[in-house]
Structure formats: C-alpha cells, structure tokens
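Student: Before I ask anything, here is the structure I am working with.
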Amino acid sequence: MSLEGVTAVVPAAGRSTRFGAMKLLADVDGRQLIERTIAALLDAGVERVVVVSRDAAAFSGVALLGDRRVETIVNADPERGMFSSIQVGLAAAPGRVVLVLPADMPFVSAATVAAVAGRAGATGAVVVPVHAGRRGHPIAIPQPLCAALLALPPTTTLKDGLAASTAGTEPLDVDDPGVLRDVDVPEDLIR
C-alpha cells in the first residue's frame, strides 16, 4: 500500500508521569508501544514518519527508528505542551497531507490510517476519524493549513488550532476503537 505525499507526525516528547515509567517503550503484545504506533503508519503506506522526541537518544532501541522512512527530531522545549511538538513535526513534514498520531496510540489500525489519509487527499479537508460518536486520531491535515498552525502560539491545542482555521473538517466514521485508545496509565494496556 502506498500513500504518496503523505507524512506523519508522531509527538513523543511527553514525560509519561501518569504511567510511572517510560511508557513508549512498554511492551504491547511483544512490541514496544511506540514501535506499534510507527508500524501502523508505515504499514498503511505513509511515505515519511517524523517522530518528535525530547531527547535524540530516548528511543535508540526501537528498531523501526532505523527505517529509512522514519526520522527523529527533537523538540528543544517540550514543556510548552504537545502542540509545540506537533509544530516541530509540521515544520519538518513536507507531505501534501500530514497525519498527526500521538505516539501513545498503539491500537490504531493501518487500514484506518490509510482511510483517513486517503479521504484527506481526495477532499483537501481536515479529516478526523470518528468511532462510536467520538473523535479520535490520526488527524489528517492538508499541507496548506500547516503554515497557519505553525504561526499559532505553541501553548495552543491542535483542536483549538484547527477550530480557528478556515479549513473544513470532515468526520470519517471508522470501525476501529483504536482511534480513541491512548495509553496514559499501565491499566490502559489491558482494557
């Protein structure tokens, strides 16, 4: 599968304080959590994945970070919030469509990634997956909107940044509960 011109930004610079350990390296069905997230993007056919970390060496043991399609960049000031990491990633994401998938969402399927990116490429709208009436991730952002998001204060949220834009948002119903399932505490891995 190929999603030509699609780049993904994976914010991964949080402290994981509620988890109690380095959650992105936690085991999820035999793979590191962050590796499962990246694998869903690559398996969907995303051309490039930009992982935004607080430390260049934080994920040195993650095999998929050695893939030629994956680049790790550092957010020098991640304390400003997740949107600052998204902005760092957007600045390095040249795709015609940019997907944003937080690193702590290892249960999103590759088929969902492909459907969201494909719809965004076809419509030019921001596309948000919806499961059971709730909005989730990955969010697909058309490249023309990226400049506007980069101009916002880094303490903004992606939700507020998208709401302030003039771009239309298109919900996409998906049969994938993984779009809603992030990992904040160890119990989130077993529910």
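The values are calculated or read from the model by the stated rules, or taken from the named source; none is laboratory data. Keep in mind that what you see is a predicted model, and the values were worked out from it rather than measured. As a convention, Cβ positions derive from the backbone with ideal geometry for all residues, glycine included, and neighbour counts pool all protein chains shown.
Student: Would you be able to say whether some residue in segment 9-19 is touching a Ser or Thr at 6+ places or on another chain (Cβ under 9 Å), in a loop (DSSP other than H, G, I, E, B) and in contact (Cβ under 8 Å) with a residue 40 or more places away in the chain?
Tutor: Within segment 9-19 (the criterion being touching a Ser or Thr at 6+ places or on another chain (Cβ under 9 Å), in a loop (DSSP other than H, G, I, E, B) and in contact (Cβ under 8 Å) with a residue 40 or more places away in the chain), the answer is yes, since at least one residue qualifies.
Student: Any residue that is more than 28 Å from Thr17 (Cβ to Cβ) and crowded, with 23+ Cβ neighbours inside 10 Å - is there at least one of those in segment 77-97?
Tutor: Checking segment 77-97: at least one residue is more than 28 Å from Thr17 (Cβ to Cβ) and crowded, with 23+ Cβ neighbours inside 10 Å.
Student: Yes or no: Leu158 surrounded by fewer than 19 Cβ atoms within 10 Å (Cβ to Cβ), in contact (Cβ under 8 Å) with a residue 60 or more places away in the chain, of a type outside the set (Val, Ile, Thr) and out of contact with any Asp or Glu (no Cβ under 8 Å at 6 or more places or on another chain)?
Tutor: Taking the combined requirement at face value, the residue does not satisfy it.
Student: Separate question: Answer yes or no: is there a residue in segment 72-80 that is part of a strand (DSSP E or B) and under 20 Å from Gly178 (Cα atoms).
Tutor: Scanning segment 72-80 turns up no residue that is part of a strand (DSSP E or B) and under 20 Å from Gly178 (Cα atoms).
Matching residues to (1) on the phi < 0 side of the Ramachandran plot; (2) among the hydrophobic types (A, V, I, L, M, F, W, C); (3) assigned to a helix (DSSP H, G or I); (4) in contact (Cβ under 8 Å) with a residue 24 or more places away in the chain:
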site	(1), (2), (3), (4)
Val108	yes, yes, no, yes
Ala122	yes, yes, yes, no
Val128	yes, yes, no, yes
Ala140	yes, yes, no, yes
Cys146	yes, yes, yes, yes
Leu149	yes, yes, yes, yes
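Student: Further question: With the condition kept exactly as written, say whether any residue in segment 122-137 is touching a strand residue (DSSP E or B) at 6+ places or on another chain (Cβ under 6 Å), under 15 Å from Ala93 (Cβ atoms) and of a type outside the set (A, V, I, L, M, F, W, C).
Tutor: The answer is no; no qualifying residue exists.
Student: Could you list, in sequence order, all residues of segment 102-111 that are buried (at least 24 other Cβ atoms within 10 Å of the Cβ) and touching a Pro at 6+ places or on another chain (Cβ under 7 Å)?
Tutor: Selection gives Ala103, Val108.
Student: From the list Pro171, Pro129, which residue is crowded, with 23+ Cβ neighbours inside 10 Å and at pLDDT 95 or above?
Tutor: Only one candidate passes the filter, namely Pro129.
Student: Any residue at all in segment 63-71 that is part of a helix (DSSP H, G or I) and either free of Cβ contacts under 8 Å to residues at least 12 places away in the same chain or within 13 Å of the chain's Cα centre (by Cα) (or both)?
Tutor: For segment 63-71, residues part of a helix (DSSP H, G or I) and either free of Cβ contacts under 8 Å to residues at least 12 places away in the same chain or within 13 Å of the chain's Cα centre (by Cα) (or both): present.
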